[in-house]
Amino acid sequence: MDKLPRPLLLVALLILLGVLLYIPKFKTNKGIIKPAQLEASNMQALPQEPIEKLDFLNELFHDVKPPEWVSGNLLAASAKSNSDSLNKLLKWAQETKNTPLVGLVQSQLAELQGGEENLTTAARTLIFTASENVDHPVVAAYLFQQGKRLLDIVLSKNKKNIPARNALVVYQSEYENQPMKFLGTLRESLALDSNNIETHFLRLNLLRKSSQWKKAVDECQKLISLQPRNPVWYFQASDIYGFMGDSVNAKVFLDLAVKVQNKEKQ
């Protein structure tokens, strides 16, 4: 397969605005992948060299100087952090709508608790927050790198951790831009769990981005079998058939999508 432009998995999920209410959040006890993290984008390549925390903070607060207590907490060594100071910092970040800082502090809280589940949550939070902030390369690179650090810890102990593996696919696609890596990770993940909605969602976006329409239709059929009451997959199938020039099946699945959607509203 030819090398595809970065980020490979960034494909718009919605076909109609009305579908928004029915988009699956792909909930696990490890976090979520949201469609917003997979929308089309043409961002520049992210820096691959290690990003220091101070460089991250300087970029994050390039235009706004934070209060001294915020700076103090952020510059403190992680080992000195406690849940009270982190929760106070999280509240400030949420009030100021500083999304990267919210993601970082949420991950620090999860990491502070320890254990595979919390470390997976922390890693996913960092990876997905990074994917939403690629228009700030230094910020995104730092979050990606910290997320990968935690993914390495989790997957070294449990290679079958599917939520962590799914986050790894996003990292390999959006940060490393390594198609062969994330294709291999996807194949391994589906071999471990052939019914994981999130993994299939990632694969569907990969197939759409690479215009592999027949395989994308098959992926939609799989997702429909797993979530027959979710109209998103029917809309997706209709859209893909439209790209294939099959107006008959496009209309069939559009009608099915509307029918399922209306039934779910009742």
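Readers should treat all values here as calculations from the given coordinates under stated rules, not as data from a laboratory. Everything quoted here is computed from the prediction, not taken from an experiment. Methodologically, a virtual Cβ is constructed for each residue, glycine included, from the backbone with ideal geometry; neighbour enumeration extends over all protein chains shown.
How high is the FRET efficiency from Leu75 to Asn158, r the C-beta distance, R0 35 Å, rounded to 0.05?
Calculated transfer efficiency: 0.60.
Would you mind computing, in nm to one decimal, how far apart the modelled labels at Lys259 and Gln178 are, each placed 7 Å from Cα along Cα→Cβ?
Calculated label separation equals 4.6 nm.
How would region 211-266 be classified by its alpha-carbon gyration tensor: rounded, prolate or oblate, with rounded meaning a/c under 1.5 and the a/b versus b/c comparison settling the rest?
Oblate shape, in that a/c is at least 1.5 and b/c is the bigger or equal ratio.
Pull out the extension gain between Lys65 and Glu132, defined as 0.36 nm times the separation in residues minus the alpha carbon to alpha carbon distance; nm, one decimal.
21.9 nm
Using Cβ counts within 10 Å as a stand-in for footprinting exposure, how do Thr185, Thr99 rank, fewest first?
Least crowded to most crowded, the residues run Thr99, Thr185.
Using +1 at the Cβ of each Lys and Arg and -1 at the Cβ of each Asp and Glu in region 211-266, identify which of Phe243, Ala216, Pro231 lies farthest towards the dipole's positive end.
Of the listed residues, the answer is Pro231.
Could you list Met180, Met244 so that the one with the fewest beta carbons within 10 Å of its beta carbon is first and the one with the most is last?
Met180, Met244
Suppose R0 equals 22 Å; then what is the FRET efficiency for Lys97 and Glu52 from their Cβ-Cβ distance, rounded to the nearest 0.05?
0.35
Please report, in debye to the nearest 20, how large the charge dipole of region 119-266 is about its Cα centre when each Lys and Arg carries +1 at its beta carbon and each Asp and Glu carries -1 there.
Roughly 360 debye, rounded to the nearest 20.
Between region 184-249 and region 82-115, how many Å separate their Cα centres?
35
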